[in-house]
1. Quick one: accessible surface of Ser285, probe radius 1.4 Å, all protein chains present, in square angstrom to the nearest 10.
2. Give, in nm to one decimal, the length gained when the segment between Val431 and Gln26 is fully stretched (0.36 nm per residue of separation minus the Cα-Cα distance).
3. After finding the eigenvalues of the alpha carbon gyration tensor for the stretch 273-314, what semi-axes result from the square roots of 5 times each, listed largest first in whole Å?
4. Please give the per residue volume of the convex hull enclosing the alpha carbon atoms of the stretch 10-57, rounded to a whole number of Å³.
5. Using only Cα atoms, locate the centre of the stretch 525-586 and the centre of the stretch 422-477, then give the distance between them in Å, rounded to an integer.
6. Tell me the accessible surface of Arg4 in square angstrom (1.4 angstrom probe, heavy atoms of protein chains only), to the nearest ten.
7. Measure up Lys42/Lys289; Lys204/Lys593; Lys289/Lys383; Lys204/Lys348 against 27 Å on the Cα-Cα distance and list the ones that go over.
8. Just check the stretch 293-371 against the gyration tensor rule for me: Cα atoms, a ≥ b ≥ c as the square roots of the eigenvalues, rounded for a/c under 1.5, and otherwise prolate or oblate depending on whether a/b exceeds b/c.
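The values are calculated or read from the model by the stated rules, or taken from the named source; none is laboratory data. What you see is a predicted model; the values in this text were computed from it and never measured. Methodologically, a virtual Cβ is constructed for each residue, glycine included, from the backbone with ideal geometry; neighbour enumeration extends over all protein chains shown. Just the protein is used for accessible areas: all its heavy atoms, side chains included, with ligands, DNA and RNA removed. Shrake-Rupley method; radii C 1.70, N 1.55, O 1.52, S 1.80 Å.
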Amino acid sequence: MPSRKFADGEVVMGRWPGSVLYYEVQVTSYDDVAHLYTVKYKDGTELALKESDIRSQSSFKHRKSQSSSSSPSRRSSSRSRSRSRSPGRPGKGRRRSASQSREHKDEKKKTIQETSLALVVLVLFKLSENNTKRYNGEPESTEKNDTSCIILEQKLKPDLEIKRVLEQYSLRSRKDDKKTEEIFSEKKTFVAVKPIEKVPSKTKELEFGGRIGTFMLIFLLPATVFYLLLMCKQDDPSLLNFPPLPALESLWDWRVFGVFLLWFFLQAVFYLLPIGKVVEGLPLSNGRKLQYRINGFYAFILTAAATGVLLYFQFELHYLYDHFMQFAVSAAAFSLALSIYLYVRSLKAPEEELAPGGNSGYFIYDFFMGHELNPRIGSFDLKYFCELRPGLIGWVVINLAMLLAEMKIHNLSMPSLSMILVNSFQLLYVVDALWNEEAVLTTMDITHDGFGFMLAFGDLVWVPFVYSLQAFYLVGHPTTITWPVAVAITVLNCVGYYIFRSANSQKNNFRRNPADPKLANLKFIPTATGKGLLVTGWWGFVRHPNYLGDIIMALAWSLPCGFNHILPYFYVIYFICLLVHREARDEHHCKQKYGLAWERYCQRVPYRIFPYIY
């Protein structure tokens, strides 16, 4: 096993991926398995570099300071002449041939272009340190940044401060003096920044209370679901009135389990249909992009048609209400079996396919968080399928079953106004998610979290059986509301939806194509990764405006249930806790990823979710 060459804390020169330029970095750690050094640049950016991309400071020459009147082109010409000198070169007073003159001009032009490249890249990384007076927390210009290409409009005249930095250090290794892979045009300079090929290292920072916390959550989450469903069945669902435990044999029904399996595999068939466009996800740690078929909305339409056929043939859909607890138990058992399968198969997965957050080496923690990032059976992506299909569409079907059960139990000719509001609001939410299915590819669930018990249980049990709690509550506890109250609640839901959808659309469009002319009015803070942090629009109002819209909608879903009990408000209380915790996770990841640029963004946008409060 080869020994490491550089020690932790040592200051060295690291090559920026995709270029021939070296910068001063500090070694923070070393991965013995992947043989990669984690280094930290002066702007706070942390990257993983190979040993071949790191050199000691002694291998770089220190340039002598030159007079201020000497121009970069004059110095470049001087260096060019010294490198091209040979024993057969004509004397100083002799006239050069035409071919020699052209070669000299070409080499001079090449050197000037190399100097210009160094200036462009240096401006990108030194902006936060050297131009604070002009910057003031917001970019002076709004050029568009992309993950694979940064297009910068630059003139060949550097300012005096950049000139001084260039005179102090040589940004290229001596061996790379004659290697230039960047292509210049007369008006624009393209600096290719290739995706960083990084093998996921062991998860060091454990979330959710580590091994003990995740072990407890494996039992606490199912217990919470069953407790809520039992409470809704009681005449008095107050918190102090603990429901009696049902007999164990009453919790399981093989017919119910068969219906659940039929539902799951029906959605899988809809997922495999060759309809809808195929798009690429965000680049993985190894630079590869997975393909996804976007047909969730078509699956919803097909499901609605199948449900209509069942109702036409007088199928009793309130069967779901009568066996609701048994369906929840069946879904929990299936999600547990799926989680075991996912963990077993992840043990044979390549190292680069493991999830960044579920590779701790601890069985319980990795089982809960998900060990493999994107488990697939052929082209069938298990995580992506479960994210939107069985649970989210099942949520709408359950709500419809509760509406029909309310009409049957209370002998109503039409549903109550409260039930109509709850069904309408949540139907809008689900249809919006399926219509904008492509947006889920940029979420943390897809890009960072592995597929384990947390997501499997959440997608298949928590979403359909907890999110439908208001409709389930209204069946046994009907609530009457007036039309003015209904209008006020509807307006509140519309406000939340508008914030949620417009903020998400703004973010997703900017991530997909920051050079879109429609986004020319947006200002952002550039980062060393090539991405930009929006500081205008909703994202200049609070750091997570989509979370704010989500919480407002959650409140609107609960208000039709009245104020007799706190039980229907469990969803909004839980959702606030969930989004505050998720915001803390986002904050931690973004600070590691963007360094000083994220700190500047936080200064510009101080409020996280609730303006002037939090």
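1. Per-residue accessible area (Ser285): approximately 40 Å².
2. Length gained, Val431 through Gln26: 140.9 nm.
3. Working: eigenvalues 246, 14, 6 Å².
Largest first, the stretch 273-314 gives 35, 8, 6 Å.
4. Working: hull volume 3.5 nm³, N = 48.
It comes to 72 Å³ per residue, whole-number rounded.
5. Using only Cα atoms to place each centre, the spacing works out to 15 Å.
6. That residue has around 90 Å² of solvent-accessible surface.
7. Values: Lys42/Lys289 30 Å; Lys204/Lys593 16 Å; Lys289/Lys383 16 Å; Lys204/Lys348 21 Å.
Violating the 27 Å limit, Cα to Cα: Lys42/Lys289.
8. Numbers: a/c = 4.36, a/b = 2.00, b/c = 2.18.
It comes out oblate by the Cα gyration axes.
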